[in-house]
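Step one of this worksheet: look at the structure below.
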Protein chains: 2
Amino acid sequence: MLNNLNGVVNSVIKRYDSEKIKQLVFNIYQAYGFSTDASRKVANTLIYTDLHGIESHGVQRLVMYDHFIQNGKIRVNSHPEIVKETDVSAVVDANFGIGQLNGIYSMNLAIEKAKKHGIGIVTTRRSGHYGIAGYYADMAAQQGLIGMSSCNSRPAMLPTHATKAFVGTNPIAFAMPAKPHTFIFDCATTTVPQGKIEVYNKLEKDLPALWVAKNGAEPVYDHNQVDDFKALRDPDSNVGLAPLGGVTEETGSHKGFGLGIIVEVFTSILSMGNISTEITPENLEVGPCQSFTAIDPAIFGDKQQIIDRFSRYLQDIRELPAIPGKTIYVHGDKEAAAYEDRIKNGIEIDDRTLEEITDIAQRLGIEYAAFMK
Amino acid sequence: MLNNLNGVVNSVIKRYDSEKIKQLVFNIYQAYGFSTDASRKVANTLIYTDLHGIESHGVQRLVMYDHFIQNGKIRVNSHPEIVKETDVSAVVDANFGIGQLNGIYSMNLAIEKAKKHGIGIVTTRRSGHYGIAGYYADMAAQQGLIGMSSCNSRPAMLPTHATKAFVGTNPIAFAMPAKPHTFIFDCATTTVPQGKIEVYNKLEKDLPALWVAKNGAEPVYDHNQVDDFKALRDPDSNVGLAPLGGVTEETGSHKGFGLGIIVEVFTSILSMGNISTEITPENLEVGPCQSFTAIDPAIFGDKQQIIDRFSRYLQDIRELPAIPGKTIYVHGDKEAAAYEDRIKNGIEIDDRTLEEITDIAQRLGIEYAAFMK
């Protein structure tokens, strides 16, 4: 659901062959010094994201990761390691390795536990930005399991009635096998994630209500209030993202806020990692935390019957009477449509992102022009 | 957080001794023919709810349960039974027994599994209304565990862009031990639960935005639109409750809607019970579904360290700068304050509810006046 804005910007964005760009990302990560396996995993996750139309978290993120690899916040030769484990759980220390490696390692561990014991919950600390939470939830769904993943982040969300951000955007991802395609829910517990504010800012569009607030409850709309947008990145400012449900109890602010706290429990609190307020881009000794859960539906009943019934339930929702001109989307529908389009027509990369990738490739001394055709 | 309205109605509502009313409820359930154990459990859950200031789900519900006991929807001699089980999971058939019995039985089963194996997830079908989801989550927290509970209900929520309700109000409850008191999140995945609409209607107050919509996205505000309020109970009407996040994607409608679907997975889909649209008050062969999860924090690390860190995190939130005149509440704070007040000053019972209880007691031929002083 991060791709709601694609329609707005489609007209100016060029398409590129996903396989070629994947190869280029792989080459870039090899050049940084990552192993073949690690480079392949990073390339796969980023291109998966672009193929599903979630451009904010795809190759657009290369420049941010490049910055962190250069300043040592992402450590090239680090590997995740298990620090505590039971049949159904583990705590993983990512040792500040790249978030995607930690994510794939930890979700595979949860999947393995779920296959053997029905359920696996893995919580990780000292990780890095891991892209979209939905990727890891989907890993479990691709194995016929229910998958969930969450991560914390630096302060962004205003607790209800607070004038200073404290909780992260703390997304919740949930995936479950269904026909004709996987149900994937992947949502920040703020009304919108930080990336959506950046897109509106770039497009010079005013913000809708319930997205950003100043001094606790004053809505920030005007895109000309550049200082307010910048203040979103400043942990000491009086501007923050509204929780899902806005900034008043009347509209349910305390619900999004509470969901953000629950995400914090499964990420930083249980792993004894860094909580949101400890995370800064500068401090190399702190990192975000993530959680990964896999559940085998077969522990509850006949897996195929459960999936069939769930698929019928989702289809019944799609077929409800709708507002004229509107479509009822079930979570994962938009992403499945984007995937079909981008596999055929290429992934969307805006010129600025392309330039950023070119710069990185040039600096690393690797060939890039052939991959961008 | 269901008690936000208490301030509004406090002035006219009398207080009653919680122990006496508990005894009266116990006597009523004995008179229906429930066992001593079952009668005690129902009385305990209802009074717990009133003591925590959530009057909408306390003894106020006796009249609804009375109706269901009389028409056979709640079966007096039914007991929950396990139909499928693993070390970490179970499916329970409640056999249309009273929801509270199923809830206590099933959460105890989840707690037992969590104590032995770290995690327990129990999903139940053919149950009855079980009161507040938070009660069951708190059962786990009282044993030093993380507790979660959810239930489905008849259609109430409008899926984003749909003009007809389909998903239930599908609450999510989460409890975790903390100092100075348990963190308890207990929220419908609609902006507000049905009960809050009823309170506003009773008070002849107009509804805030984002609560109720007609034809998919037209807000219903005016309390004089009595037909619209009534239509909320009609599954074929074009009026429904807005998901948490309202009725447009811009304000995050798809997030509350998706959370409602996830609740449906853990309740009806995994238990192969009745989904929301199958549930009606009239059909005696269908019943709501519930889920119960317990997780032992000790599988992740030192339990006391985890709880201390979580308590510090919550306290830091309470101490953030706030909007002038407003208090920052963490989930469970309001309920803890209500408990302290009601244990001392009695629980609040409005005159209409008192009359309903009197009528039930009279019909069952049991003494009541002495308990209402």
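Go through segment A:212-247 residue by residue and tally those that are within 12 Å of chain B (Cβ to nearest Cβ) and closer than 20 Å to B:His254 by Cβ.
Going through segment A:212-247 one residue at a time, the tally reaches 7.
For segment A:60-109, which positions are farther than 27 Å from A:Ile146 by Cα and among the polar types (S, T, N, Q)?
Once the filter is applied, which keeps residues that are farther than 27 Å from A:Ile146 by Cα and among the polar types (S, T, N, Q), segment A:60-109 yields A:Gln60, A:Gln70, A:Asn71, A:Asn77, A:Ser78, A:Asn95.
Kindly list the number of the only condition in (1) β-branched (Val, Ile, Thr); (2) farther than 30 Å from B:Leu145 by Cα; (3) modelled with pLDDT of 95 or more that fails for B:Ile279.
(3)
Report, by residue number, each residue of segment B:114-128 that is farther than 12 Å from B:Ala90 by Cα and among the charged types (D, E, K, R).
B:Lys115, B:Lys116, B:Arg126
Okay, residues lined up against (1) buried (at least 22 other Cβ atoms within 10 Å of the Cβ); (2) not in a strand (DSSP E or B):
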| position | (1), (2) |
| --- | --- |
| A:Val76 | no, yes |
| A:Gly97 | yes, yes |
| A:Asn102 | yes, yes |
| A:Lys113 | yes, yes |
| A:Gly120 | yes, no |
| A:Gly128 | yes, yes |
| A:Tyr136 | yes, yes |
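Considering only residues of segment B:341-371 that are more than 16 Å from B:Asn27 (Cβ to Cβ) and of a type in the set (D, E, K, R), which is surrounded by the most Cβ atoms within 10 Å (Cβ to Cβ)?
The qualifying residue surrounded by the most Cβ atoms within 10 Å (Cβ to Cβ) is B:Glu348.
A quick yes/no check of all residues on (1) charged (D, E, K, R); (2) touching a Pro at 6+ places or on another chain (Cβ under 9 Å); (3) over 30 Å from B:His254 (Cα atoms):
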| residue | (1), (2), (3) |
| --- | --- |
| B:His67 | no, yes, yes |
| B:Gly72 | no, no, yes |
| B:Ile98 | no, no, yes |
| B:Gly120 | no, no, no |
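Can you tell which of B:Glu204, B:Glu198, B:Glu218 is under 23 Å from B:Ser153 (Cβ atoms), surrounded by fewer than 16 Cβ atoms within 10 Å (Cβ to Cβ) and of a type in the set (Asp, Glu)?
B:Glu198
What residue, among those in segment B:272-312 that are among the hydrophobic types (A, V, I, L, M, F, W, C) and not in a loop (DSSP other than H, G, I, E, B), is farthest from B:Lys84 (Cα to Cα)?
Result: B:Phe310.
Being over 22 Å from the mean Cα position of the chain (by Cα) and over 18 Å from A:Pro297 (Cβ atoms) is the filter here; which residues of segment B:80-136 pass it?
B:Glu81, B:Glu112, B:Ala114, B:Lys115, B:Lys116, B:His117, B:Gly118
If only one of B:Asp87, B:Asp50 is more than 14 Å from every other protein chain (Cβ to nearest Cβ) and either at pLDDT 95 or above or under 25 Å from B:Phe185 (Cα atoms) (or both), which one is it?
Residue meeting the stated conditions: B:Asp50.
Check A:Gly33 against each of (1) on the phi < 0 side of the Ramachandran plot; (2) away from chain B (no Cβ under 14 Å) and name the one condition it does not meet.
Of the numbered conditions (1) on the phi < 0 side of the Ramachandran plot; (2) away from chain B (no Cβ under 14 Å), the odd one out for A:Gly33 is (1).
Within segment A:219-268, can you find the residues that are more than 20 Å from the chain's Cα centre (by Cα) and assigned to a helix (DSSP H, G or I)?
Those that are more than 20 Å from the chain's Cα centre (by Cα) and assigned to a helix (DSSP H, G or I): A:Val226, A:Asp227, A:Asp228, A:Phe229, A:Lys230, A:Ala231, A:Glu249, A:Glu250, A:Thr251, A:Ser253, A:His254, A:Lys255.
Within segment A:247-300, can you find the residues that are under 19 Å from A:Ala217 (Cβ atoms), surrounded by 22 or more Cβ atoms within 10 Å (Cβ to Cβ) and among the β-branched types (Val, Ile, Thr)?
Hits for segment A:247-300 are A:Val247, A:Thr251.
So, in segment B:313-336, how many residues would count as being free of Cβ contacts under 8 Å to residues at least 12 places away in the same chain, part of a helix (DSSP H, G or I) and more than 9 Å from every other protein chain (Cβ to nearest Cβ)?
Number satisfying all stated conditions: 1.
Looking at A:Lys303, is it surrounded by 18 or more Cβ atoms within 10 Å (Cβ to Cβ), of a type outside the set (A, V, I, L, M, F, W, C) and more than 9 Å from chain B (Cβ to nearest Cβ)?
The answer is no for A:Lys303.
What about B:Arg342, is it at the interface with chain A (Cβ under 9 Å from one of its Cβ atoms), assigned to a helix (DSSP H, G or I) and touching a helix residue (DSSP H, G or I) at 6+ places or on another chain (Cβ under 7 Å)?
So B:Arg342 fails the test.
Could you please give the count of residues in segment A:152-184 that are in a strand (DSSP E or B), farther than 29 Å from A:Glu340 by Cβ and at the interface with another protein chain (Cβ under 10 Å from one of its Cβ atoms)?
Going through segment A:152-184 one residue at a time, the tally reaches 2.
Which condition number does B:Ile357 fail, the rest of (1) without any contact (Cβ under 8 Å) to a residue 12 or more places away in the chain; (2) more than 14 Å from every other protein chain (Cβ to nearest Cβ); (3) not small (Gly, Ala, Ser) being met?
That leaves (1) as the condition not met.
List, please: which pairs have Cβ atoms under 6 Å, are six or more places apart or on different chains, and start with a residue in segment A:185-211 that is within 13 Å of chain B (Cβ to nearest Cβ) and end with one that is assigned to a helix (DSSP H, G or I) and of a type in the set (Asp, Glu)?
Once the first residue is within 13 Å of chain B (Cβ to nearest Cβ) and sits in segment A:185-211, its partners that are assigned to a helix (DSSP H, G or I) and of a type in the set (Asp, Glu) give A:Pro208/B:Glu250.
Being free of Cβ contacts under 8 Å to residues at least 24 places away in the same chain and at the interface with chain B (Cβ under 10 Å from one of its Cβ atoms) is true for just one of A:Glu264, A:Glu250. Which residue is that?
Only one candidate passes the filter, namely A:Glu250.
Considering only segment A:212-247, how many residues are closer than 21 Å to B:Leu241 by Cβ and without any contact (Cβ under 8 Å) to a residue 60 or more places away in the chain?
The total comes to 3.
The values are calculated or read from the model by the stated rules, or taken from the named source; none is laboratory data. On a predicted model such as this, the values are computed, not experimentally measured, just so you know. For neighbour counting, all protein chains shown are included, and Cβ atoms are generated from backbone atoms with ideal geometry for every residue, glycine included.
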